[in-house]
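See structure below.
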Amino acid sequence: MSGVEVVVFAEGPSDELFLKRVVAPALQQDQIFLKPQTLHTSRDSTGGAINFDRLCHNVRNTLRQTSSQYLTTFFDLYALDPGMPGMADVHRFSDPTHKAGHVEAALHAALVEKLGFRGDRFIPYIQPYELEGLFFSHTDALSQAVPGWTAAAEALLQVRQAFATPEHINDGFETKPSARLEKLLVPKYRKTRHAPLIGQKMGLHAITTECAHFSQWVERLRSLPQI
C-alpha cells in the first residue's frame, strides 16, 4: 500500500469508533491511513484498564510486526493511570494542554528507553480531559445529533462559554465532559452509541478549529513522511 500507515491505540470502543468514522476518513485523502484499535488488556479482552506495563507489551508487539508503520495513542487525561510516566508531577501544571504535553513527552522518553525502538515511529497523544470535551466545539451540532437533545442546547452552550476551550472542560468526577453530557441530555448519552454519531454530525474541521491540542496531533499525523 502506498501512503503512510498509523496504528492508533484507543482507550475504549467509543474512542475507536470516533477515530474510525471521523478522523480516519479525513486523513485518508492525504494518504494517511489510520488503523484504530483498542489495547489487548488480557487474553480475551481489549480496552480500558491501561497501565504502563500493558502499554509496553502492546507497543513492543505492534512495532515488531513491521518497520513500515507509525504508532500513536488516543488516551484521556482524565483518570489516566497514576503510574504512567509524567503523572506523578503533572500537578505542577494548571493548563490541561500543558499537562497532556508533559505526559506525552514523559511517555515517549520512557518507552523509547525501555524498548529501544526508533523514536520517531511513536507519537503519544493524550486528550485533555476526555474525548467528550471535543463535542463542546459546536454545541448546536451536538444538540442536533439526536432527536430530543435540542432541549439542552442552551445548557450545553453555557457549559462551553464557561471555559476557555472545550479541552479545558474539566477533571471533576461530576463535571468531566462525559458526566455533563450524561446529566444534560435526554435521551441519555451513551458513549459507544453516540460518540461517533456526534463526531460525524460535527465534522473534524469544527473540532480542530476549537481544540488546539487535538488539532496539533491531527496535523502532525497529516504531515508524517513514509518510513
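Quick notes on this one:
- Considering only LEU184, GLY83, LEU63, and ranking their Cα positions along the charge dipole of the chain that arises from unit charges at the beta-carbon of Lys, Arg, Asp and Glu, the one farthest toward the positive end is LEU63.
- Relative contact order of the chain, defined on C-alpha pairs under 8 angstrom at six or more residues apart (%): 23 percent
- The count of lysine pairs in the chain with alpha-carbon distances below 24 Å, taking only pairs 8 or more places apart or on different chains, stands at 16.
- Gaussian network model of the chain, springs between alpha carbon atoms under 10 Å - residue of GLU174, GLU104, GLU130 with greatest fluctuation: GLU174
- Taken about its Cα centre, the stretch 77-121 carries a charge dipole of roughly 100 debye when the Cβ of each Lys and Arg holds +1 and the Cβ of each Asp and Glu holds -1.
- Leading residue at positive end of dipole, the stretch 168-227 (Cβ point charges), from GLY172, TRP217, HIS194: HIS194
- Calculated mean residue ellipticity, 222 nm, the chain: -12500 deg cm²/dmol, from DSSP H runs (n ≥ 4) at -39500 (n - 2.57) each, averaged per residue and rounded to 500.
- Residue-normalised accessible area of the chain, given per residue in Å² at a 1.4 Å probe: 46 Å²
- Within the accessible area of the chain (1.4 Å probe), percent carbon and sulfur: 48 percent
- Bins of 5 Å, starting at 0 and running to the largest distance - Cα pair percent for the stretch 12-128: 2, 10, 20, 22, 22, 16, 6, 1
- Charge dipole magnitude, Cβ of K and R +1, D and E -1 - the chain, Cα centre, debye nearest 20: 520 debye
- Using bins of 10 Å that start at zero, the share of Cα-Cα pairs per bin across the stretch 150-225 amounts to 16, 46, 31, 7, 1, in whole %.
- For the chain, fraction of C-alpha pairs farther apart than 22 Å, in %: 50 percent
The values are calculated or read from the model by the stated rules, or taken from the named source; none is laboratory data. Note that the coordinates shown come from a computational prediction; the quantities given were computed from them, not determined experimentally. Note: ideal-geometry Cβ built from the backbone for every residue, glycine included; neighbour counts use all protein chains shown. Heavy atoms of the whole protein, side chains included, go into the accessibility calculation; ligands, DNA and RNA do not. Shrake-Rupley method; radii C 1.70, N 1.55, O 1.52, S 1.80 Å.
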